[in-house]
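Structure, as structure tokens:
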Amino acid sequence: MAALRDGQLVILPTETVYGLAADAGDPRAVAAVYAAKGRPAFNPLIAHVADVEAARRIAVFDGRAERLAAAFWPGPLTLVLPVADEAAVCDLARAGLDTVAVRAPAHPVAHALLEAFGGPLVAPSANRSGRPSPTTLADALEETGAAAAAALDGGPCAIGLESTVVALLDAPRLLRPGAVTRGQIEALIGPLSEAEADAKRSPGRMARHYAPNLPLRLNAEEPRADEVWLGFGRKGGAGFNLSPDGDLTEAAANLFAYLRAADRADGAAGIAVAPIPDTGLGEAINDRLRRAAGYVG
Ligand code: TXA
Ligand code: MG
């Protein structure tokens, strides 16, 4: 808390993944976040707030934003909205855009810190840029612990994938699938357009992302002799299984930790991943897997 007021960085648990938090209004603190992650400064950060009232102080809400916030906050949903006048989110945090990404996390530790701090905190996932997001304190410390003045332990992240990101600027767009699914959002605000190719509006959609060191082979029927296996459902065998019961929620929670573990396997030349159904939360899991494999442009 004092560390945050002082412009220092704090590792923070959320229900999605661990974040590297700093005062969103302090350009020096925000610059330190970009540096710690090795993140390009054209890729803006999410401003985290305690509740919708705090969100309205930094972003301009329309009816669609109000409906989604009422349904899914606090929780794993980020809204990209026009930035409000006098918002306590510095230009660098927004990468100079006239929009701001805002989310109210549900994790009690994150919520308590945001209430106590009073203002918005940037908190990108606490990994080095391009690497899998950390879902345990130990993984967060390994990635960016050296840059943090303090670290809060919230246990393993219940969801394990980053928040769903929806832009509500003109037509609503799904910029990043997540635990709040496309179907849940469309039920409230109508059809979602695809994220535009325009890199300025979707700066986070870079090709290789969430990536382990070993190459990934997706939709594999079985591992080759030199591959580590990442199974799903009854496709068992040696190696790891994201969910022996074929449960997508369990698979999401295990994904990044198992990618890290598979990466550490002795003598492996690659990771082979079983097919994951593309329904519900499967859309977000497959999005992360394709990016980890470098398939998405
Ligand atoms: O679950 C999460 O969202 C985690 C936890 C820690 O809250 N945070 C997280 O932050 O994933 P980060 O910085 O790793 O991802 C933020 C995503 C990026 O893809 C970024 O490009 C996008 O949100 N984003 C942020 N501001 C934006 C804006 N103004 N317009 C479009 N995309 C934006
Ligand atoms: Mg990230």
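The values are calculated or read from the model by the stated rules, or taken from the named source; none is laboratory data. This structure is a prediction, so every number in the text was calculated from the model and none was measured. Using ideal geometry, Cβ is built from the backbone for each residue, glycine included, and neighbour counts are taken over all protein chains shown. Surface accessibility is based on the protein's heavy atoms, side chains included, excluding ligands, DNA and RNA. Shrake-Rupley method; radii C 1.70, N 1.55, O 1.52, S 1.80 Å.
Details
- Filtering the range 104-153 to residues that are of a type in the set (D, E, K, R) and either assigned to a loop (DSSP other than H, G, I, E, B) or surrounded by 17 or more Cβ atoms within 10 Å (Cβ to Cβ) (or both) leaves 128, 131, 139, 143, 153.
- Selected residue (criterion: modelled with the lowest pLDDT) from residues of the range 182-239 that are at positive phi and among the small types (Gly, Ala, Ser): 237
- Residues that are in a strand (DSSP E or B) and open to solvent by 30 Å² or more (accessible area, probe 1.4 Å) were ranked within the range 162-192; the one that is nearest to ligand 1 (Cβ to nearest atom) is 176.
- Qualifying residue in the range 129-149 (condition: under 23 Å from residue 68 (Cα atoms) and within 16 Å of ligand 2 (Cβ to nearest atom)): no
- Restricting the range 24-56 to residues that are in contact (Cβ under 8 Å) with a residue 40 or more places away in the chain and surrounded by fewer than 16 Cβ atoms within 10 Å (Cβ to Cβ), the residue that is farthest from residue 3 (Cα to Cα): 42
- Enumerated helices (runs of 4 or more DSSP H) restricted to the range 2-72, each holding at least 3 residues that are touching a Gly at 6+ places or on another chain (Cβ under 9 Å): 27-37
- Every pair of residues 6+ apart whose Cβ atoms lie under 6 Å, when the first sits in the range 206-232 and is within 16 Å of ligand 1 (Cβ to nearest atom) while the second is modelled with pLDDT under 95 and charged (D, E, K, R): 209/291; 210/291
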